[in-house]
1. So, in the range 237-255, exactly how many residues are of a type in the set (Lys, Arg), in a loop (DSSP other than H, G, I, E, B) and touching a residue at least 40 places away in the same chain (Cβ under 8 Å)?
2. Return yes or no: is Lys234 exposed (fewer than 13 other Cβ atoms within 10 Å of the Cβ), outside any helix (DSSP H, G or I) and at pLDDT 95 or above?
3. How do the pairs read when you match residues in the range 118-147 that are under 14 Å from His59 (Cβ atoms) and modelled with pLDDT under 95 with residues anywhere that are assigned to a strand (DSSP E or B) and hydrophobic (A, V, I, L, M, F, W, C), using Cβ under 7 Å and keeping only pairs 6 or more apart or on different chains?
4. With the structure loaded, tell me whether Gln24 is crowded, with 19+ Cβ neighbours inside 10 Å and not aromatic (Phe, Trp, Tyr) or whether it fails that test.
5. When you look at Ser229, is it more than 30 Å from Lys2 (Cβ to Cβ), of a type in the set (Ser, Thr, Tyr) and surrounded by 16 or more Cβ atoms within 10 Å (Cβ to Cβ), yes or no?
6. With respect to the numbered conditions (1) crowded, with 24+ Cβ neighbours inside 10 Å; (2) closer than 12 Å to Leu219 by Cβ, which one is the sole condition not fulfilled by Val180?
7. Considering the range 132-163 alone, what residues qualify as being touching a strand residue (DSSP E or B) at 6+ places or on another chain (Cβ under 6 Å), crowded, with 21+ Cβ neighbours inside 10 Å and not polar (S, T, N, Q)?
8. Would you pick out the residues in the range 50-90 that are among the polar types (S, T, N, Q), in contact with a strand residue (DSSP E or B) (Cβ under 7 Å, 6 or more places away or on another chain) and more than 18 Å from Leu17 (Cβ to Cβ)?
Amino acid sequence: MKILQIPLLRDNYGYLLVCEKTKQAAIVDPSEAEPVLRRIEQEQVTLQAILNTHHHRDHTGGNEGILAQHKAEVYGHKSDSGRIPGLTHGVDDGDEVQIGELKGNVLFIPGHTTGHIAYFFDNNLFCGDTLFTAGCGRLFEGTPEQMHASLKKLMTLPDTTKVYCGHEYTESNLRFAMSVEPKNPKVVSRFERVQGLRSRGASTVPSTLEEEKQTNPFLRWDSKEIQASVKSAKRDSRLDPVSVFAAVRKMKDAF
């Protein structure tokens, strides 16, 4: 399996997944068509599918332009029928997606939107805007309980899982992480490394799930330091996991 990251819009990423044996491919979250069409041509692959993680326009905006030139299937959550352009396969948790000889599983992870899914191919997680590198998506349609459950679900995947998210937000996310957990040395060292990459215009995606567990404040509701930050911000007096997560999300919204 070959994974080609395609920068889109201002800070989005699309991912071209290629079965090297059959030269069949899928594009994850094409926010615009032209850069994707150019890459398909450069790689000389056959586009078999568009894999949308959710309905937001900055993840589906390229669907129509791509479909005008390629006969491809379009996957998204079954509840997003009518919200994802060209949707042909409404899928749900546990369903399988096949691209050439590559097989991926669908994970239903609502919170950012009510119909958000991820695609898990051979230890590679394409998680849209649910889990970011060092962050998570805003709760536009879902509840803190839903998002917390979705993140917990992703945390059960192997630590070696590579996390391919929808945006280049790592630097700003880590700046926030340092504000709520400043004594975490792994956050500090990751921030320094990420600053170096961004200063050269390099991508900070993918990360690994292990790194996210160590440095992502939205997965660290058990951290005593984060709990203390929540209490001092007077966001919530409760320190159960969902309350801590919800409080940290509100703090990030206002950061």
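The values are calculated or read from the model by the stated rules, or taken from the named source; none is laboratory data. None of the values given here were measured: they were computed from a predicted structure. Every residue, glycine among them, receives a Cβ derived from its backbone with ideal geometry; neighbour counts consider all protein chains shown.
1. Taking the range 237-255 and keeping what is of a type in the set (Lys, Arg), we get 238, 249-250, 252.
Restricting the remaining residues to those that are in a loop (DSSP other than H, G, I, E, B) gives 238.
After this cut, where a residue has to be touching a residue at least 40 places away in the same chain (Cβ under 8 Å) as well, the list is none.
Selection size over the range 237-255: 0.
2. Details: exposed (fewer than 13 other Cβ atoms within 10 Å of the Cβ): yes; outside any helix (DSSP H, G or I): yes; at pLDDT 95 or above: no.
Spelling it out, it is not the case that Lys234 is exposed (fewer than 13 other Cβ atoms within 10 Å of the Cβ), outside any helix (DSSP H, G or I) and at pLDDT 95 or above.
3. If the second residue must be assigned to a strand (DSSP E or B) and hydrophobic (A, V, I, L, M, F, W, C), no pairs are left.
4. Details: crowded, with 19+ Cβ neighbours inside 10 Å: yes; not aromatic (Phe, Trp, Tyr): yes.
In short, yes.
5. On the way: more than 30 Å from Lys2 (Cβ to Cβ): yes; of a type in the set (Ser, Thr, Tyr): yes; surrounded by 16 or more Cβ atoms within 10 Å (Cβ to Cβ): yes.
Here the answer is yes, as Ser229 does meet what is asked.
6. Result: Val180 fails condition (2) only.
7. Of everything in the range 132-163, those that are touching a strand residue (DSSP E or B) at 6+ places or on another chain (Cβ under 6 Å), crowded, with 21+ Cβ neighbours inside 10 Å and not polar (S, T, N, Q) turn out to be Phe132, Leu154, Val163.
8. Quick first cut of the range 50-90, residues among the polar types (S, T, N, Q) only: 52-53, 60, 63, 69, 79, 81, 88.
Then drop every residue that is not in contact with a strand residue (DSSP E or B) (Cβ under 7 Å, 6 or more places away or on another chain), which leaves 52-53, 63, 81, 88.
Once the filter is applied, which keeps residues that are among the polar types (S, T, N, Q), in contact with a strand residue (DSSP E or B) (Cβ under 7 Å, 6 or more places away or on another chain) and more than 18 Å from Leu17 (Cβ to Cβ), the range 50-90 yields only Ser81.
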